[in-house]
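What follows is a set of notes on a single structure, which appears directly below.
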Amino acid sequence: MGLVVTASALAAAVGWVQWPRPPELDGERWFKVMIATLLRGRVEADGGSPDAWEEAVLRWVPYHPAGRLPERKASNPVAAAMPDLAMDGEVALLEQLARFDDGLARFRWMYLDDEVGAVARLADPADLGEAYDPATTLGPGASWDSLAAWGAATDDAFARAALRAADATWVLVEGRADRQVGPSVLPSLQEVLGDAAVRIPYDDGDVASLGAALHERASAGQRLVAVAEEAGTVRLLRALLAQAEVRDQLLAVVSVGGAVMGRADEEGVLGRATCRDWMEAHFGQHDFDTDVVRLTPYFSVQWLDPVAWPPGVSGLPLECQRFVEPHERGATATTVEVVDLGPLLVERPSDWVIAEGLPDVPSQLDPELVARALIGVVSAWTVHRR
């Protein structure tokens with residue numbers, strides 16, 4: 001009997017080791033490399049040189065492999081509290097950032113001057129391996145080269161592959177136009193997605209009307225990707241809490257510059273205290289569960305002005321634009337997955353220059369490229385998680 005038990009335990013252990021599990025993915029790296037690849041196509045189509053592409057990427061695609069929670073690193077690298085064990089290179093990055101006196105200089109080091117971050121963005125994306133290759137999840141029409149061609153507007157094979165693989169209706173939830181914190185990506189998403197998108201106006205924040213619009217599509221069997229901006233994110237979360245049937249049809253939630261944890265320059269429903277309390281009470285694995293046990297990713301993109309303080313943009317610090325980890329109270333399964341896609345620059349500081357004499361690049365990152373990268377990474381991630 002002892003031998004039988006031992007053999008069974010050994011077999012279970014071997015089975016656990018050999019059981020196929022999806023590889024860990026860095027959502028921000030995947031998103032930022034997709035933007036860089038789209039920029040490659042755009043610059044090449046405009047007759048630009050490799051130097052022009054490199055400058056465009058370093059100016060407009062902030063990323064550092066050890067740069068998670070960048071507002072903590074820029075604010076006080078000596079006392080920056082990370083949620084778990086240090087990542088590779090994170091201690092060295094914090095030590096380097098501690099040598100600078102202000103947040104702008106620290107952001108500049110992370111996103112411009114540090115060779116580690118530059119190499120991560122400018123390297124051949126094929127070096128990331130099969131797990132990051134969009135063709136692995138979206139099909140042969142979604143190679144890195146076809147993504148560059150989409151950026152050049154010479155071929156939309158990548159878009160067709162992504163939309164076919166995800167097979168969803170994209171619900172675009174507007175925020176308040178007069179309080180938009182960065183360039184809106186919803187018009188570009190709507191243009192690219194065409195009939196696969198439906199746009200919902202802010203409508204004074206009415207949650208019931210948004211819930212009804214979502215329920216109508218979910219009850220028709222449509223799988224949904226919901227994208228929201230500014231206060232539209234708050235409205236969307238409240239609608240999803242009340243709509244279990246919608247959550248069952250939901251492939252992903254995407255917040256772009258959303259007031260997830262409230263605005264610092266407002267009181268009431270959209271204020272930081274109210275939104276923080278609501279998220280702590282409701283944003284959990286039980287409250288946002290789905291009937292079928294599967295992961296629903298909640299993505300966030302933040303807007304960053306490197307000279308703003310606290311780090312973020314006026315009225316919306318970075319930490320307020322990001323989903324917190326869902327609580328576990330009452331949960332019997334894990335169905336909510338938080339994916340941080342990191343910050344994008346709303347504008348470039350005047351001294352954010354790589355070298356003199358290089359070709360000039362646009363004054364801001366084209367929202368169309370951001371929209372296309374979102375379609376790519378959200379589609380690939382959701383298919384990968386099925």
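The values are calculated or read from the model by the stated rules, or taken from the named source; none is laboratory data. All of these numbers come straight from a predicted model, not from anything done at the bench. For neighbour counting, all protein chains shown are included, and Cβ atoms are generated from backbone atoms with ideal geometry for every residue, glycine included. To get the accessible areas, we keep the full protein, side chains included, count just its heavy atoms, and leave off ligands, DNA and RNA. Shrake-Rupley method; radii C 1.70, N 1.55, O 1.52, S 1.80 Å.
Observations on the model:
- Charge sum, other residues only, whose C-beta stays under 11 Å from residue 309's C-beta, Lys/Arg counted +1 and Asp/Glu -1: -3
- With K and R counted +1 and D and E -1, the other residues having a Cβ less than 15 Å from that of residue 139 yield a net charge of -3.
- Alpha-carbon radius of gyration plus Dmax, which is the widest Cα pair, for segment 16-96 in Å: 17.0, 52
- Restricting the GluC sites (Glu not before Pro) of segment 106-200 to loop positions (DSSP other than H, G, I, E, B) with no more than 10 neighbouring Cβ atoms within 10 Å leaves 130.
- Computed from point charges on the beta carbon alone (+1 for Lys and Arg, -1 for Asp and Glu), the dipole magnitude for segment 154-286 about its Cα centre is near 300 Debye.
- Kyte-Doolittle mean at least -1.0, axial Cα span of 20 Å or more - DSSP H helices of the chain: 2-18, 27-45, 367-385
- Dipole of the chain, positive end: most advanced residue of 184, 132, 66 [Cβ charges, Cα centre]: 132
- Shape call, segment 100-180: gyration tensor on alpha carbons, a/c limit 1.5: oblate
- Percent of beta bridges antiparallel (DSSP, the chain, rounded to nearest 5): 10
- Residues whose amide H comes within less than 5 Å of that of residue 271, counting only those at least five positions distant or on another chain, are 263 (H built at 1.01 Å from N in the peptide plane).
- This model, with +1 at the C-beta of Lys and Arg and -1 at the C-beta of Asp and Glu, gives the chain a dipole about its Cα centre of some 880 debye.
- Along its first, second and third principal axes, ordered by size, the chain spans 73, 61, 48 Å in Cα coordinates.
- Remark: the Cα gyration tensor places segment 141-262 in the oblate category, a/c being 1.5 or greater and a/b not exceeding b/c.
- Helix-only mean residue ellipticity at 222 nm for the chain, each DSSP H run of n ≥ 4 adding -39500 (n - 2.57), per residue, nearest 500: -12500 deg cm²/dmol
- Computed over protein heavy atoms with a 1.4 Å probe, the accessible surface of segment 204-290 works out to 34 Å² per residue.
- Selection from 85, 52, 34 lying farthest towards where the dipole of segment 20-92 points positive, charges on Cβ: 85
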